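For reference, the structure is listed below as structure tokens.
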Amino acid sequence: MFGKIAEAKQKAEEIKSKLTLITVEGNAEGITIVANGNKKIISIDIPADMLKPEYKAQVEEALHEAIENALNQADNIAKSEMKSLMGSLLPGGLGNLFG
């Protein structure tokens, strides 16, 4: 039993490392946000013409949308990786843990 728990912990760490290498992009009105699979923002690109004071509200809204888009993609990737991990552990393994 403890061997399976240790294996799950090791695989979870491997997945976390793998997710660091995966990047996703969120885009909105020309703004691009790049995040990794661990939902960490890597870069923000804002077109120069949007940096004028009269576009402040538009830029803020677009940033919010692009960040949400990127983080949702990262979340989907992380969930998929964890689902894959659990699937690899359950058949004949942790599936019998409680009975």
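Points worth noting:
- The residue that is surrounded by the fewest Cβ atoms within 10 Å (Cβ to Cβ), among those in segment 30-52 that are within 8 Å of the chain's Cα centre (by Cα) and not in a loop (DSSP other than H, G, I, E, B), is 36.
- Residue count for segment 12-29 under the criterion of being in contact (Cβ under 8 Å) with a residue 40 or more places away in the chain, in a strand (DSSP E or B) and either farther than 25 Å from residue 67 by Cα or not charged (D, E, K, R) (or both): the result is 4.
- Scanning segment 19-29 for residues that are under 23 Å from residue 88 (Cβ atoms) and surrounded by 15 or more Cβ atoms within 10 Å (Cβ to Cβ) yields 19, 22.
- From 54, 60, 68, 81, residue being on the phi < 0 side of the Ramachandran plot and at pLDDT below 90: 81
- Number of positions in segment 42-82 that are without any contact (Cβ under 8 Å) to a residue 12 or more places away in the chain and either touching a Leu at 6+ places or on another chain (Cβ under 9 Å) or basic (Lys, Arg) (or both): 3
- Under the condition of being loosely packed, with under 13 Cβ neighbours inside 10 Å and part of a helix (DSSP H, G or I), the residues counted in segment 1-11 number 6.
The values are calculated or read from the model by the stated rules, or taken from the named source; none is laboratory data. Quick caveat, the model's predicted, so the values are computed rather than measured. With ideal geometry, Cβ positions are generated from the backbone for all residues, glycine too; neighbour counts draw on all protein chains shown.
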